[in-house]
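Structure first, then comments.
The values are calculated or read from the model by the stated rules, or taken from the named source; none is laboratory data. Predicted model, so just to flag it, every value in this text is computed and none were measured. Neighbour counts run over all protein chains shown; Cβ positions are idealised from the backbone, glycine included. Just so you know, the surface numbers come from the protein's heavy atoms only, side chains and all, with ligands and any DNA or RNA stripped out. Shrake-Rupley method; radii C 1.70, N 1.55, O 1.52, S 1.80 Å.
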Amino acid sequence: MPARRYWETLEALQDSSKGKLQYNRRWSSENALGINESTVALSEYCAWVLDNVNNGTEADDTPVESPLLEDDSLSIAAHKESDKRRSEESLKEAESPSQLRMDKAMEVEGSIMLFEKAHKMKVKEDLQTRLDMCDQFSKSMAEKSAEQLKRFEEMMELKQRQERHQLLEQLEKGSKEALGQQEKLKEEHRHRAKLLTLKLREAEQQRQQEIERVRQEEGRERMRRLCFIQQEVLQLVQKIQVDYKQQEALRVDLSAYDQRANQICGILSTVVRSSSERGFPTQDDVGLGERSLQEMQMLASTIEKELTAAEQRKKAEEEAAKEKQKEAQLQQQQQQQQQATPQTPAPVRDQKQTKQEGLQKRASKGTLQRFLELQKVLEQCQNACEELATCKDLQTKKIRADLQRAVTTPVSQISTISGSQVRDTFDKINNFLMGKPTVSAGRTILVSQHPLGLEFVCLKLAGKLVSQGEEEVASHHESAFPIAFVASALWERYPKVGELFLANLHKKCPYAVPFYPAFKEGSTLEEYQRLLGYQVKDNIVEQQDSFLKRMSGMIRLYAAIMQVRWPYGTNQGNHPHGLNHGWHWLAQMVNMEPLSDITATLLFDFLEVCGNAMIKQYQGQFWKLLLLIKDQYFPKIAKITTSTEMGSASRLQHFLEASCQGFG
């Protein structure tokens, strides 16, 4: 049948290489196939198909099922069958070949269009089926992925729970181990702490026992020392009382000395009694006892000197009375002779002057007069500068501080090593005193800034030089000469500074006069100790070692000043305070009664600093003076020196023996 061949032809076309081409399914099928729905035209292959259909001799009545139609739905098959029947009927009706061709062509075109429609429907159905399958597959895959994700999350949650549980177990185990270790360490620490506490307690007990033993030993030693001092004081009091009984015969008033001795004895008894009640005396109590003993020794020495002087006066009066009696008798005899014989001029007989035996208590009148004059000069200068020193005006305070700093700061900076620094210090002070401007603490200072500026500066400069001896030289003996060079140069150019320096030195160290202040009736013990050179602060007197150290520093500076000259000067005049004053001081010291501890200390310091210069100056005369001190004066020092004061006496003795050994 011709229709069957049509389908075979279409199937052959479909199986051809062109039929296997794939097209974009989104394109319009009409545009893709080049078919215009408005105009129907046969393709160029229709004639060839019709020729082949008409010329075909084989006729197979068996319908050939297309593989594509097998898969189509029933509606499409029925539609195709009706089309075949219509095509067959139309072919049968066609009579002429041209009509037949036209009909066949139309039939072919229709078949092609039908095939294309069927193919489109199939494609749509396949596409829909595939879309449904894709939707189902995507749904199933989504469900599976959701299930898998859920399982995965459950698995991860389980794994995290297990890890967390494992970590907690490890932490718990570690904490238990740490707690156990901590408890073990705490136990060990407690054990060691107990052992250490026991050891510390034992060590503290031993230390306390040792401290207590040392304290008791020192306390017993201080008590023995205090009892010994009290015994000596009582002996001196008894001696003073014995001497007091002699005052009627010698016509000397010793009541003030006896009263002061009783006061000192009462004070010392009170100190000993209170110390015994407390257990042991303190070092201050011992110091007070030593000062009381020293004062008692001075009182006893003073009384002895008074009695000696009284005895000498009594002897002198008796000798004078005898001499007068002899003169009266002689005059009476002469009168009798004159009455018997002619008058002749009687020979004139010189009266013999008796020499006082023993050492002096005070320095010579000239020395004391010079001392009083210097103190008067110092007092006048202080009174003159009082207005500037006590002014409360802010501007005046600044000027006062600048002036004081301009002279005291350079003196404090004197070096014991470099000579150039000493020269710079002197130049600064000298230029300032000459009226030149000086820069201090970033400010320019002139001595003429105040009418009392020069007077005030000289006063402060002299006081600072004495303080340097009191502090710096006392601690560093080698600094005496650098300071002495500056002081000597200033003394030479500004005599006012030298006088104020000497007055300040005598006020702080009366032994530089030399002058031993006497106890005045009505004055307190603190006032008297200040006169002796002790520092008293809040009714507490400084220790004896500190006192001797300060006195030693000032005497060393004084001895250095007397022998040095400013090496950079051109003035070749006499020294403003040369070695002749040193000889005078040494002679006055030897002619006065020695004091316990202080005399030996000052003699040693003076001779050690100034001895070589005095040997060069006085030669044999000074050697004789040293021999006199060694053979006659030192035994008096040793006689009044106690066992606790042998240090200074021993140093002086060794120095004298070594020096005089070289002379011998």
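Couple of notes before you dig in:
- Residue that is nearest to Tyr534 (Cα to Cα), among those in the range 584-598 that are in a helix (DSSP H, G or I) and in contact (Cβ under 8 Å) with a residue 40 or more places away in the chain: Ile598
- Residues that are under 33 Å from the mean Cα position of the chain (by Cα) and open to solvent by less than 20 Å² (accessible area, probe 1.4 Å), drawn from the range 441-462: Ile445, Leu461
- Residue check, Phe426 in contact with a strand residue (DSSP E or B) (Cβ under 7 Å, 6 or more places away or on another chain) and within 26 Å of Arg565 (Cα to Cα): no
- Of the criteria (1) on the phi > 0 side of the Ramachandran plot; (2) under 36 Å from the mean Cα position of the chain (by Cα), which one Gly522 fails: (2)
- Scoring Gly435 on the criteria (1) part of a loop (DSSP other than H, G, I, E, B); (2) buried (at least 17 other Cβ atoms within 10 Å of the Cβ) leaves a single failure, condition (2).
- Matching entry among Leu579, Leu607 (being of a type outside the set (S, T, N, Q), within 50 Å of the chain's Cα centre (by Cα), open to solvent by less than 10 Å² (accessible area, probe 1.4 Å) and at pLDDT 90 or above): Leu607
- Some residue of the range 379-395 being under 35 Å from the mean Cα position of the chain (by Cα), surrounded by 13 or more Cβ atoms within 10 Å (Cβ to Cβ) and free of Cβ contacts under 8 Å to residues at least 12 places away in the same chain: no
- Pair list, Cβ under 7 Å, 6 or more apart: the range 524-541 residue closer than 18 Å to Ile598 by Cβ, other residue among the hydroxyl-bearing types (Ser, Thr, Tyr) and open to solvent by less than 70 Å² (accessible area, probe 1.4 Å): Val541/Tyr534
- Flag if Leu557 is under 36 Å from the mean Cα position of the chain (by Cα) and modelled with pLDDT of 90 or more: yes
- Any pair with Cβ under 9 angstrom, 6 or more apart, that starts in the range 423-434 at a residue that is polar (S, T, N, Q) and ends at one that is assigned to a helix (DSSP H, G or I) and open to solvent by 60 Å² or more (accessible area, probe 1.4 Å): Asn430/Arg493
- Residues that are at pLDDT below 85 and within 49 Å of the chain's Cα centre (by Cα) number at least 1 in the following helices (runs of 4 or more DSSP H) confined to the range 613-664: 646-663.
- Annotation note: Cβ proximity below 8 Å between a residue of the range 478-499 that is in contact (Cβ under 8 Å) with a residue 24 or more places away in the chain and polar (S, T, N, Q) and a residue that is open to solvent by 40 Å² or more (accessible area, probe 1.4 Å) and assigned to a helix (DSSP H, G or I) (sequence gap 6+ or interchain) occurs for Ser479/Glu472.
- From the list Ala484, Ala489, Ala559, Ala512, the lone residue that is of a type in the set (A, V, I, L, M), touching a His at 6+ places or on another chain (Cβ under 9 Å) and open to solvent by less than 10 Å² (accessible area, probe 1.4 Å) is Ala512.
- Here Phe606 does not fit the description of being in a helix (DSSP H, G or I) and farther than 23 Å from Leu368 by Cβ.
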